Amino acid sequence: MEEPTLCIHCDEWFDLSDGYGSEKWHDNTIICRNCHIKEEVEIEADDRWESINIDLVNALYDLDKEKELANRLQPCNKAKILLLAELLK
Ligand SMILES: [Zn+2]
């Protein structure tokens with residue numbers, strides 16, 4: 001190793017030139033490749049759930065605004081909403 005560096009996230013040694021800038025966990029810090037991969041998975045999940053939440057906000061807004069049109073929902077979607085409402089209690 002040319003520049004042994006201790007990963008602040010997992011306490012494993014890595015060569016600085018093999019590291020990656022942390023995008024979420026540690027500001028202005030280089031982390032090891034393994035942690036970088038795990039961090040990327042977490043960031044992708046964050047992005048996915050942000051998108052899901054935006055879609056839900058929009059759908060719920062429309063449903064709330066036009067409650068009388070809720071009968072236009074497909075039965076399978078109504079069933080899922082009712083099931084999720086139970087789970088989220
Ligand atoms: Zn690490």
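The values are calculated or read from the model by the stated rules, or taken from the named source; none is laboratory data. These numbers come from a predicted model, not from an experiment. Using ideal geometry, Cβ is built from the backbone for each residue, glycine included, and neighbour counts are taken over all protein chains shown. When the accessible area is computed, the model is the full protein with side chains, heavy atoms only, and any ligands, DNA or RNA have been set aside. Shrake-Rupley method; radii C 1.70, N 1.55, O 1.52, S 1.80 Å.
Brief remarks follow.
- Residues in the stretch 6-25 that are over 16 Å from the mean Cα position of the chain (by Cα), outside any helix (DSSP H, G or I) and more than 10 Å from the ligand (Cβ to nearest atom): ASP15, GLY21.
- Residue in the stretch 31-49 that is assigned to a loop (DSSP other than H, G, I, E, B) and either open to solvent by less than 80 Å² (accessible area, probe 1.4 Å) or away from the ligand (no atom under 13 Å from the Cβ) (or both) present: yes
- Residue match in the stretch 52-73 (condition: open to solvent by less than 60 Å² (accessible area, probe 1.4 Å), at pLDDT 95 or above and of a type outside the set (A, V, I, L, M)): no
- Checking each residue in the stretch 12-28 for being within 19 Å of GLU42 (Cα to Cα) and open to solvent by 100 Å² or more (accessible area, probe 1.4 Å) picks out GLU23, ASP27, ASN28.
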